[in-house]
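Working notes, structure below.
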């Protein structure tokens with residue numbers, strides 16, 4: 001039995017899909033003593049965190065584009081609006097299907113903002129945006145060029161549409 005359990009642990013590193021199938025079979029057959037519990041528990045933990053991580057990534061995308069819309073827009077910024085709406089739709093779906101993720105997402109607005117700032121810095125470093133960086137900052141921006149604290153609330157991440165005023169004026 002120990003040899004089989006050890007083989008399953010080794011399989012985890014070599015062929016994850018097969019490891020999943022083997023553990024599933026063992027669980028279905030109620031052979032609980034043969035299951036690779038250590039790695040299985042870690043995978044279950046990671047599976048749950050995936051939704052939180054995805055929500056944070058989506059919020060970062062929304063924040064990046066809200067900030068670009070309000071601070072660096074030269075045209076209608078329709079690509080940014082589309083990106084915000086797409087990210088919001090996916091985020092709404094996660095929050096609807098996994099309601100407990102909402103509290104974790106709210107706790108991580110600042111983390112999402114920090115990711116958004118890094119993404120903004122990366123955006124300015126793209127060759128097509130070098131002139132924009134020069135005109136906005138006189139150089140490539142750094143983290144110090146952006147607010148330290150997230151300038152948007154969780155509710156604004158979900159609902160704020162600054163372009164509505166633009167299109168209605």
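Bear in mind that the values in this text are calculations on the coordinates, not laboratory data. Note that the structure is a prediction, hence the values are computed from the model and not measured. Backbone-built Cβ (ideal geometry, glycine too); neighbour counts: all protein chains shown.
Structure notes:
- Label-to-label distance, nm, for residues given as residue 119 and residue 136 (7 Å Cα→Cβ offset): 1.4 nm
- Sites residue 158 and residue 21 - FRET efficiency at Förster radius 41 Å, r taken between beta-carbons, to 0.05: 0.60
- Gaussian network model of the chain, springs between alpha carbon atoms under 10 Å - residue of 92, 53, 15 with greatest fluctuation: 15
- The orientation-averaged projection of the convex hull spanning the C-alpha atoms of the chain amounts to 13.7 square nanometres.
- Centre separation in Å (Cα based) which lies between segment 41-57 and segment 127-165: 28 Å
- For residue 89 and residue 44, the FRET efficiency from 1/(1 + (r/R0)^6), where r spans their Cβ atoms and R0 equals 25 Å, is about 0.35.
- Compared with the dominant principal axis of the Cα atoms in the chain, helix 16-28 is inclined by about 50°.
- Comparing 19, 50, 80 in a Gaussian network model of the chain, where Cα atoms under 10 Å apart are tied by springs, the biggest mean-square fluctuation is seen for 19.
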